[in-house]
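J.: I am attaching a structure below and will ask some questions about it afterwards.
The values are calculated or read from the model by the stated rules, or taken from the named source; none is laboratory data. Computed from a predicted structure; not experimentally measured. All Cβ positions, even for glycine, are placed from backbone atoms using ideal geometry, and neighbour counts span all protein chains on display.
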Amino acid sequence: MIPGKTAYDALPVWAQTFAVNLVSLRTFRLKYGAFFHESLRRLEQNERASLDRLLDEQQAAVRRMLEYASRHVPYYRRQGLPPDDLSAWPLLEKSAVAARLEEFLSDEYSPGALLTLKTSGTTGTPLTVRISRDYHQMEMAFRWRHRAWGGVPYLSRGAYVSGHPVVPARQSHPPFWRVDHVEKRLLCSSYHFTPQNLASYIKALTDFRPDFVHGYPSSLYLLARHVQDNGIDALRPRAVFTASETLLDFQREAIRQAFGAPVFNWYGNTEMTCNIVQCAAGGLHYRTDYGLLDLLDDGTMVCTGLNNRAMPLIRYRVGDAATPRKGPCACGCAFPLVERIEGRVEDYVRTPEGRIVGRLDHLFKDATRVREAQIVQSRPDEVVIRVVRNPGYSPHDEQRIRAEARLRLGDSIRVRFEYVERIDRTAGGKFRFVVSHLPCSTSTSP
């Protein structure tokens, strides 16, 4: 429970808006101080550097982080690991960090001076992460630099459609958003998306006239489908930014068409160990000034954060997977590329013969009469496809989806359909496209 949330929920809308702006006024100073602006300039310079220079500076940063962790972080200091050989450091699992949180904190920082972040823990172990105030400003600089890639400068007007708890859960009528005048933000709740409420969200976005829209892909996709299905001439932001969920191909295309703007994907994690950002040319660049990314043979991402000295995580298995890509990007930026981000490694379907199958969003590429879908696997010989139907959905649509599933999963697994009114989000308001309940689902080996 967020401190003070019960009292906040009891306030009238005008008082809630005042409270949102009061909090934003306080956090603005935490986010955007001198270190933020210094970091913003340095990150912009890195975007013009050569690949050789970027990699040299990354290796130097890795050495500095290993030396620092060896001296100041109890977990690493106790193991006596070599500060000049990253390969000798063992892989770090989330469960180990969660169980020994205090041992990962640097002795140079007072715990009371650190900021606290928490992962939702929806598919794995819940985790608390501590960061310094300076690093918090650097993180904000990384985010605003990515927005600049979409033509959105610092402090542009933004509409955020994600897990902001600014509206009481019991509320059934709009407004399902609150305006933050300090940061020029429209904060929209993603917990109140029903077919009846979508029109009010679209009107609020249009009236606010944001320079950019940021949100969960699943939430923006629902808005996009409403725009398309009703022929609405909606807002035209400069760019749309997605984060926190895997951006599926059909979602991207629907969002791009409905909002009339390019879609830029952002990958990050609460542990602050890796940042992969999409450019205007469509390339997914991993920022070498944020962290070191290693991909295991199965695509599992192993990351070393380079900037959060308060809680260094080295060779950390983040639980996600990616596919590498060789060659330069047409945008001219030298940051290395990945072909795609697969999403969480447990969000795969396993076939009875042991195959691990991802990227199943292609099942719904042409399914225009499907509003939402989710694939659930609780048995090794069966998957359940949960579908929220649009008007006009027919047995023919089910047959096409089933055929696409057979094409990718084979004949050894049963495909069953379940029709629902809505697909539940996680406690953090996120949508999971594939949900696996199979034992040992966090391993990527058959």
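J.: Could you list all residues from the stretch 187-214 that are within 19 Å of the chain's Cα centre (by Cα) and either among the aliphatic types (A, V, I, L, M) or on the phi > 0 side of the Ramachandran plot (or both)?
T.: Across the stretch 187-214, the qualifying residues are LEU187, VAL213.
J.: Another question, then. Quickly run through the stretch 90-104 and pick out the residues that are surrounded by fewer than 13 Cβ atoms within 10 Å (Cβ to Cβ), of a type outside the set (Gly, Ala, Ser) and in a helix (DSSP H, G or I).
T.: Passing the criteria: only GLU102.
J.: Further question: Considering each residue of the stretch 190-203, count those that are in contact (Cβ under 8 Å) with a residue 40 or more places away in the chain and outside any loop (DSSP other than H, G, I, E, B), and give that number.
T.: Here the count works out to 1.
J.: Shifting gears a bit: Scan the stretch 31-52 for residues that are hydrophobic (A, V, I, L, M, F, W, C) and surrounded by 15 or more Cβ atoms within 10 Å (Cβ to Cβ) and jot them down.
T.: Answer for the stretch 31-52, where residues must be hydrophobic (A, V, I, L, M, F, W, C) and surrounded by 15 or more Cβ atoms within 10 Å (Cβ to Cβ): PHE35, PHE36, LEU40, LEU43, ALA49.
J.: Which is more than 16 Å from ARG256 (Cβ to Cβ) and of a type in the set (Gly, Ala, Ser), of ALA234, ALA204?
T.: Values: ALA234 fails: more than 16 Å from ARG256 (Cβ to Cβ).
Sole residue among the options that is more than 16 Å from ARG256 (Cβ to Cβ) and of a type in the set (Gly, Ala, Ser): ALA204.
J.: Test ASP9 against the criterion of being more than 17 Å from ARG185 (Cβ to Cβ) and free of Cβ contacts under 8 Å to residues at least 40 places away in the same chain, and give yes or no. Give the steps one after another, and end with the answer.
T.: Details: more than 17 Å from ARG185 (Cβ to Cβ): yes; free of Cβ contacts under 8 Å to residues at least 40 places away in the same chain: no.
No, not satisfied.
J.: Inspect all residues belonging to the stretch 72-86 and state whether any of them is in a loop (DSSP other than H, G, I, E, B) and among the hydrophobic types (A, V, I, L, M, F, W, C). Walk me through it before giving the result.
T.: Of the stretch 72-86, the ones in a loop (DSSP other than H, G, I, E, B) are 73, 80-85.
Still in the list and also among the hydrophobic types (A, V, I, L, M, F, W, C): 73, 81.
Yes.
J.: I'm told SER87 meets every condition in (1) farther than 15 Å from ARG309 by Cα; (2) surrounded by 19 or more Cβ atoms within 10 Å (Cβ to Cβ); (3) among the polar types (S, T, N, Q) except one. Can you identify the failing condition by its number?
T.: If we test SER87 against (1) farther than 15 Å from ARG309 by Cα; (2) surrounded by 19 or more Cβ atoms within 10 Å (Cβ to Cβ); (3) among the polar types (S, T, N, Q), just (2) comes out false.
J.: Just checking: which of the strands (runs of 3 or more DSSP E) contained wholly in the stretch 356-440 hold 3 or more residues that are modelled with pLDDT under 90 and either surrounded by fewer than 12 Cβ atoms within 10 Å (Cβ to Cβ) or of a type outside the set (S, T, N, Q) (or both)? Before the answer, list the steps.
T.: Working: elements: 370-379, 382-389, 414-419, 434-436.
Filter on the stretch 356-440 gives 370-379.
J.: On to the next question. So which strands (runs of 3 or more DSSP E) are wholly in the stretch 239-316 and hold at least 1 residues that are among the aromatic types (Phe, Trp, Tyr) and under 17 Å from the mean Cα position of the chain (by Cα)?
T.: Working: elements: 239-242, 263-267, 276-278, 284-286, 291-295, 300-305.
Correct list: 239-242, 263-267, 284-286.
J.: Follow-up. Do the conditions hold for GLU342, that is, is it charged (D, E, K, R), part of a strand (DSSP E or B) and either surrounded by fewer than 20 Cβ atoms within 10 Å (Cβ to Cβ) or at pLDDT below 90 (or both)? Step through it out loud before you land on a result.
T.: On the way: charged (D, E, K, R): yes; part of a strand (DSSP E or B): yes; either surrounded by fewer than 20 Cβ atoms within 10 Å (Cβ to Cβ) or at pLDDT below 90 (or both): yes.
Yes: the conditions hold for GLU342.
J.: Against the conditions (1) surrounded by 13 or more Cβ atoms within 10 Å (Cβ to Cβ); (2) farther than 30 Å from PHE335 by Cβ; (3) of a type in the set (A, V, I, L, M, F, W, C), where does LEU66 fall short? Just the number, please.
T.: Failed condition: (2).
J.: Which residues, counting only those in the stretch 206-224, are under 10 Å from ARG236 (Cα atoms) and surrounded by 18 or more Cβ atoms within 10 Å (Cβ to Cβ)?
T.: As a first pass, look at the stretch 206-224 and keep what is under 10 Å from ARG236 (Cα atoms): 206, 209-213.
Residues satisfying the conditions are PRO210, ASP211, PHE212, VAL213.
J.: Output the residue which, of all residues in the stretch 229-260 that are of a type in the set (A, V, I, L, M) and at pLDDT 90 or above, is farthest from ASN390 (Cα to Cα).
T.: Pass one, the stretch 229-260, residues of a type in the set (A, V, I, L, M): 232, 234-235, 239-240, 243, 247-248, 254-255, 258.
With at pLDDT 90 or above added as a condition, the list becomes 239-240, 254-255, 258.
On the way: ALA239: 27, VAL240: 25, ALA254: 15, ILE255: 17, ALA258: 17 Å.
Within the stretch 229-260, the match that is farthest from ASN390 (Cα to Cα) is ALA239.
J.: Only residues that are of a type in the set (Gly, Ala, Ser) and under 17 Å from the mean Cα position of the chain (by Cα): list them for the stretch 159-174, please.
T.: Of everything in the stretch 159-174, those that are of a type in the set (Gly, Ala, Ser) and under 17 Å from the mean Cα position of the chain (by Cα) turn out to be ALA159, SER162, GLY163.
J.: Okay, next question. So which pairs qualify, if the first residue must be in the stretch 29-49 and modelled with pLDDT of 95 or more, the second must be part of a loop (DSSP other than H, G, I, E, B), the Cβ gap must be under 7 Å, and the two must be at least 6 apart or on different chains?
T.: Note: pairs meeting the criteria are LEU43/ASP289; ASN46/ASP289; GLU47/CYS333; ALA49/ALA334.
J.: Of all the residues that make up the stretch 1-55, how many are over 27 Å from the mean Cα position of the chain (by Cα) and not in a helix (DSSP H, G or I)?
T.: 4
J.: Name every residue in the stretch 177-186 that is surrounded by 20 or more Cβ atoms within 10 Å (Cβ to Cβ) and touching a helix residue (DSSP H, G or I) at 6+ places or on another chain (Cβ under 7 Å), in order of residue number. Walk me through it before giving the result.
T.: Taking the stretch 177-186 as the starting set, the residues that turn out to be surrounded by 20 or more Cβ atoms within 10 Å (Cβ to Cβ) are 177-178, 180, 185-186.
Across the stretch 177-186, the qualifying residues are TRP177, ARG178, ASP180, LEU186.
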